[in-house]
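Every number in this text was worked out from the coordinates using simple rules, so none of it is lab data. Since we're looking at a predicted model, the values are computed, not measured. Here the Cβ positions follow ideal geometry from the backbone for every residue, glycine too, while neighbour counts run over all protein chains shown.
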Amino acid sequence: MFEPVIAPSGTLLGLLQRGRGDGTLHALAAPRAEALAALNHCVLDDPRHDWHVENRSLYYARLYLDLHGGLDVLEAHLFGAEDRLDTEESRTGLALAVLGHLASYGRQDALLLLRRYAATGTNWAWALDELALRDDDAGLRGLALPVLARFPADPAGDAELASVVRDAFEPRPWRLWAEDQRDAVGARVRAAQEQGSFDRWQRQMRPAGPRPGWSVRAVLDWAQEGYERGAVLYGPAARCLTAVAGPEDRPEILAAARNGSEGARGAALHHLAESRDPAVLDLVEAAADGASRAVAEAAVAAYRRMCGEDAVARARAWVRRTDELGTAAAEVLAGRGTAEDAGLVLGALRGTVRAAGPDAPELAVLVDGAGRLGIACAAPVLRHVYRETSSSQLRGRVARALAATDATFATGFAVECLWDCEETTREVAALHAETGDVRVADRLRRLAADPAEEAEVQTAVRNRIGPDLQV
């Protein structure tokens, strides 16, 4: 999948791509054709950097409802020839999720499109999951034959069917089909369910990895073997070392952390960090300054997991480093530092934005730290990140930090956050938005009455609604 191209934050398209509340407000004020064109662009060309953790589907579905938008463009996207050529879930997943929300709002045209795509489309499993949550039993039963026809009635097809049934995200359709009296449906699905259960049992009976009685050397060798085949086993190996190592094994583990092979060294560093060994911080610094990038990454990852005053004290010395260890030190101070570290955290936040921009992954922890420490003078840079980041997850964290640092948040960004794509951001807004704004009162009523809204958001809304804002 190509990286999405995000329009400037001051444009309607840029606002909608980011999932900002102002995107909805601007779309409703714009010419309808222009708003629908921007909305369709977002749904057909998913703007999220990571669709596994960022939400957009409910946000876009609500806007389709508000704009009375048709679904012809989505239909052409789902059923075009490209559906056979590009089988990646990311091409159609957002459109299918939007249709799912529209179906839950009573849009029959969306429900019919989902049924049709589940029967004929490439990403049929996603469509079936959406229908499992929203369609009635009769509609799901009608899909049994076209879905099962995708799996040839031979050993290979039956094995593939068993795998799909075993790993189904929403099992409701398969349970309905297992009750079907037709052999081509019920008997076949039941056989697939039994095979899936047998496969799980077999995996449980053949566990891979350490066994009782393993020595420290055996665990270190296992970690190295995993490294050589591309599997990072530092965490599991560290836990195994905790189980098998005694005080007499410390010299061997220290030697592995200083001079061992990459996999064994990473496992030893993680074990020493988790046990808060007094030598581990010096070993982490030596690994970070060493020639092996893999060992340096393992050392930094181990340090990030450390807690305690010794780790925080060392972070104050490392925070000005310009490598990954310096970044990790700033994150430690942001997460576990005290008020005396506010200046260091603020400096790291500003430096990261200048050097890496508003989408830098390390910003998340620094933003949380600015809010945790209540760094009021961080508000200007936080507002900049809020406006410019294309990550709705990061923007939500910024909103929480602004609520703790910016006196204007309640009458400013908190208002637009009520329309944000992320439910956690809407929850923050519901807790803080100034109810004297007529837009806020109306939006709180709508969120409280919306059956698609998350329970946490509705709880926050109802805690704010008083006698003058009764639903």
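How would you order 71-80, 178-187 from highest to lowest mean count of nearby Cβ atoms within 10 Å?
Result, highest mean Cβ count within 10 Å first: 71-80, 178-187.
Under 8 Å for C-alpha pairs, at least 6 residues apart: give me the relative contact order for segment 332-377, rounded to a whole percent.
53
Once fully extended, how much extra length lies between Ala317 and Ala29, figured as 0.36 nm per residue of separation less the alpha-carbon to alpha-carbon distance?
Gain in length upon complete extension: 98.5 nm.
If we sort 46-54, 361-369 on the protection proxy, mean other Cβ atoms within 10 Å, highest first, what's the order? Walk me through the numbers on the way to the answer.
Details: 46-54: 16.6, 361-369: 21.9.
Output ranking for 46-54, 361-369: 361-369, 46-54.
For the pair Gln181 and Asp109, how long in nm is the line joining their label points, each one 7 Å along Cα→Cβ?
Each label point is offset 7 Å from its Cα along the Cβ direction, giving 3.9 nm.
For segment 116-155, build the convex hull from the C-alpha positions and give me its volume per residue in Å³.
Each residue corresponds to 74 Å³ of Cα convex hull volume.
At each listed q (0.19 Å⁻¹), what is the log10 of I(q)/I(0) that the Debye formula gives for segment 4-82 modelled as equal alpha-carbon point scatterers?
Debye output, listed in q order: -0.78.
Mind checking the alpha-carbon convex hull of segment 102-174 and giving the volume per residue in Å³?
So the per-residue Cα hull volume is 77 Å³.
What does the net charge come to around Asp136 if you take all other residues with beta carbon closer than 12 Å to its beta carbon, with K and R at +1 and D and E at -1?
Details: positive: Arg115, Arg134, Arg141, Arg172; negative: Asp135, Asp137.
Neighbourhood net charge equals +2.
Give the average over all directions of the projected area of the C-alpha convex hull of segment 222-356, one decimal, in nm².
Numbers: hull surface 33.3 nm².
The directionally averaged projection comes out at 8.3 nm².
Using bins 5 angstrom wide from zero, how does P(r) for segment 221-302 break down, in % of all Cα pairs?
3, 18, 32, 27, 15, 4, 0
What distance in nm lies between label points placed 7 Å from Cα along the C-beta direction at Leu44 and Ala149?
2.9
So what is the calculated 222 nm ellipticity per residue for the chain, using -39500 (n - 2.57) for each DSSP H run with n of 4 or more, over all residues, to the nearest 500 deg cm²/dmol? Mind showing how you got there, number by number?
Numbers: 30 runs with 316 residues, N = 471.
The per-residue figure over the chain is -20000 deg cm²/dmol.
How big is segment 50-186 by Rg and Dmax over its Cα atoms, in Å?
Taking only Cα atoms of segment 50-186, I get Rg and Dmax of 15.3, 50 Å.
If the chain were replaced by its equivalent ellipsoid, with semi-axes equal to the square roots of 5 times the Cα gyration tensor eigenvalues, what would those be, largest first, whole Å? Let's see the in-between values first.
Details: eigenvalues 365, 270, 71 Å².
Whole-Å semi-axes of the equivalent ellipsoid: 43, 37, 19.
Give the dimensionless ratio obtained when the Cα radius of gyration of segment 371-471 is divided by 2.2 N^0.38 Å.
1.04
For segment 283-434, take the convex hull of the Cα atoms, compute a quarter of its surface area, and give me that in nm², please.
Quarter of the Cα hull surface area: 9.0 nm².
Size of segment 328-385 along its principal axes in angstrom, Cα-based, largest extent first?
Reported extents, whole Å, longest axis first: 26, 23, 14.
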